[in-house]
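Engineer: Below you'll find the structure I mean.
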Amino acid sequence: MWPRLQPLRLHASWCNNGRRSTSILKPFSALQARPFCLSASRRQDEAKPAASDSVKAIPYSELSIGVPTEVRSGERRVAITPQNAAVLLKKGFKEVLVEHGAGFQAQFPAHDYEEAGATLVNATRVWTDSNIVLKIRPPRLRATTLSPNNFISGFREGGVIISMLQPNSDRYKNVIDTYQSKGLTSFAMDMIPRITRAQSFDVLSSMANIAGYKAVLEASNEFGRFITGQTTAAGKVPPCRVLIIGAGVAGLSAIATARRMGAIVKCFDTRPATKEQVQSLGAEFVEVKDVKEDGSGGGGYAKVMSQAFHDAELRLFADLCKDTDILITTALIPGRPAPRLITEEMVASMKPGSVVVDLAAENGGNCEPTVPGQLIHHKGVTVIGYTDLPSRLPTQSSTLYSNNIT
């Protein structure tokens, strides 16, 4: 939630060898983003920063919050729901400016925002009249025919943008450089560490939970049989066999969803600590037998494994794929391309009609045949590489993101 103190300090603290930076743009411009250092107000007061580090305190009552329409192709989410717009106004912010139609595709009509006290504005005013802009994706750097005003050039110097950013990715380097040149401050919601103090801000877990759930539903739509086993007058129907690679938030969500639908589920993860979580959801935990190595990295993420372990897990996957109906891959390593775990030969060895869902498609994919953003057919197997699974459940994902950001 927003701080309880009335002044909003427009700065971000970063962990950098004990030093504090008043801007997150400096490390971003070098593409060396570090996790947020969420210091308590008392610690900040005790730190007594130097005059050069001091920041101006601005009362909430002088700050306007803008919520633009998301303009990326296929993006249906909105950063703030009507319920949380009312929460921000109750906190004392001057106004919440919502662009006309911002919540339409997420099933939040304009009159709900008006009833919550928000002000509906056009695509120009949502930028020019706001001190803080809340978004899902980073803003565009130039206008388009469909939305000539909904881009960053209309934003005032010194403003604050809160969104997901992927600062370690070259894809958004131009955005970060533009932030710096315009004197903007950006909070990257996807860089907040997974620690107890920051749990309420953890958009990665919220979106991964939805992605894992939606991955099973997308796979079931393409799979030509029942997920659950049945005994009918027409004969017995065997249950679907699901293999999930990666027992993070997305993987565990996929396990729970597939099990509720009646599938037989197996799960692999390089971190032995996840075994108990997998088994508690009713899935079988599979592991490499001939090479012992712990894949636990910092912050609850997996680390890069040795070549010997990688070769052993590929042999394991080659055996498992032959009897798998639905394969869901979720393996990611922070700051690196997604590890390549499923080869074309493994996909070809799966039974005709099988389905692969690659949740790492946006980062290069765990599956060799994956085409990011597309559904393809590879030798009788459907390979889903959608990069917008949370956006395909727009009402729920918008609600969770809005809760995280406020």
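The values are calculated or read from the model by the stated rules, or taken from the named source; none is laboratory data. Given the structure is predicted, the values throughout are model-derived calculations rather than measurements. No Cβ is skipped: glycine too gets one built from the backbone with ideal geometry, and neighbour counts run over all protein chains shown.
Engineer: Would you mind finding the one in 172, 179 that is touching a residue at least 40 places away in the same chain (Cβ under 8 Å), among the aromatic types (Phe, Trp, Tyr) and outside any strand (DSSP E or B)? Walk me through how you get there before you give the answer.
Structural biologist: Details: 172 fails: touching a residue at least 40 places away in the same chain (Cβ under 8 Å).
Every option except 179 fails the conditions.
Engineer: Answer yes if at least one residue in region 91-101 is farther than 20 Å from residue 394 by Cα and in a helix (DSSP H, G or I), and no otherwise.
Structural biologist: Within region 91-101, the first condition is being farther than 20 Å from residue 394 by Cα, and the residues that meet it are 91-97.
From the residues that got through so far, the ones that are in a helix (DSSP H, G or I) too are 91.
Looking through region 91-101, at least one residue is farther than 20 Å from residue 394 by Cα and in a helix (DSSP H, G or I).
Engineer: Counting just the residues of region 282-298 that are touching a strand residue (DSSP E or B) at 6+ places or on another chain (Cβ under 6 Å) and assigned to a loop (DSSP other than H, G, I, E, B), which one comes out farthest from residue 341 (Cα to Cα)?
Structural biologist: Among those that are touching a strand residue (DSSP E or B) at 6+ places or on another chain (Cβ under 6 Å) and assigned to a loop (DSSP other than H, G, I, E, B), it is 283.
Engineer: Among the residues of region 355-399, which ones are of a type in the set (S, T, N, Q), more than 30 Å from residue 82 (Cβ to Cβ) and in contact with a helix residue (DSSP H, G or I) (Cβ under 8 Å, 6 or more places away or on another chain)? Walk me through how you get there before you give the answer.
Structural biologist: So in region 355-399, the residues of a type in the set (S, T, N, Q) come out as 363, 366, 370, 374, 382, 387, 391, 395-399.
Okay, now just the ones that are also more than 30 Å from residue 82 (Cβ to Cβ), so 363, 366, 370, 374, 382.
Within region 355-399, 370, 382 qualify.
Engineer: Which of the following residues is among the hydroxyl-bearing types (Ser, Thr, Tyr), within 20 Å of residue 332 (Cβ to Cβ) and either in contact with an Asp or Glu (Cβ under 8 Å, 6 or more places away or on another chain) or not assigned by TED's automatic domain parsing to the domain that holds residue 305 (or both): 270, 274? Please lay out each step first, then the result.
Structural biologist: On the way: 274 fails: either in contact with an Asp or Glu (Cβ under 8 Å, 6 or more places away or on another chain) or not assigned by TED's automatic domain parsing to the domain that holds residue 305 (or both).
Being among the hydroxyl-bearing types (Ser, Thr, Tyr), within 20 Å of residue 332 (Cβ to Cβ) and either in contact with an Asp or Glu (Cβ under 8 Å, 6 or more places away or on another chain) or not assigned by TED's automatic domain parsing to the domain that holds residue 305 (or both) holds for just one of 270, 274, which is 270.
Engineer: In region 142-169, which residue that is more than 24 Å from the chain's Cα centre (by Cα) and assigned to a helix (DSSP H, G or I) is modelled with the lowest pLDDT?
Structural biologist: For region 142-169, the residue satisfying everything is 153.
Engineer: I need a count of the residues in region 357-386 that are at pLDDT 95 or above and under 12 Å from the mean Cα position of the chain (by Cα).
Structural biologist: Residues flagged as at pLDDT 95 or above and under 12 Å from the mean Cα position of the chain (by Cα) within region 357-386 amount to 2.
Engineer: Grab the helices (runs of 4 or more DSSP H) fully contained in region 299-406, keeping just those with 2 or more residues being closer than 30 Å to residue 70 by Cα and of a type in the set (Ser, Thr, Tyr).
Structural biologist: The qualifying helices (runs of 4 or more DSSP H) are 394-405.
Engineer: A further question on this structure: Restricting to region 90-128, and then to whatever is in contact (Cβ under 8 Å) with a residue 12 or more places away in the chain and of a type in the set (Asp, Glu), can you tell me which residue is farthest from residue 67 (Cα to Cα)?
Structural biologist: Going through the qualifying residues, I end up with 115.
Engineer: Next question, about the same structure. I need the full set of residues from region 245-267 which are more than 18 Å from residue 331 (Cβ to Cβ), in contact with a strand residue (DSSP E or B) (Cβ under 7 Å, 6 or more places away or on another chain), without any contact (Cβ under 8 Å) to a residue 40 or more places away in the chain and not basic (Lys, Arg), in order please.
Structural biologist: Correct list: 264 only.
Engineer: Just a yes or no: is a residue in region 82-89 surrounded by fewer than 21 Cβ atoms within 10 Å (Cβ to Cβ), in a helix (DSSP H, G or I) and in contact with a Pro (Cβ under 6 Å, 6 or more places away or on another chain)?
Structural biologist: no
Engineer: What number of residues within region 220-240 are surrounded by 14 or more Cβ atoms within 10 Å (Cβ to Cβ) and part of a helix (DSSP H, G or I)?
Structural biologist: So the count comes out to 2.
Engineer: Please pick out the residue among 102, 30, 12 that is small (Gly, Ala, Ser) and modelled with pLDDT of 50 or more. Outline the logic, then answer.
Structural biologist: Details: 30 fails: modelled with pLDDT of 50 or more; 12 fails: modelled with pLDDT of 50 or more.
Result of the check over 102, 30, 12: 102.
Engineer: Separate question: Taking the options 243, 217, name whichever one is crowded, with 21+ Cβ neighbours inside 10 Å and under 28 Å from residue 376 (Cβ atoms). Steps first, please.
Structural biologist: Values: 217 fails: crowded, with 21+ Cβ neighbours inside 10 Å.
It is 243.
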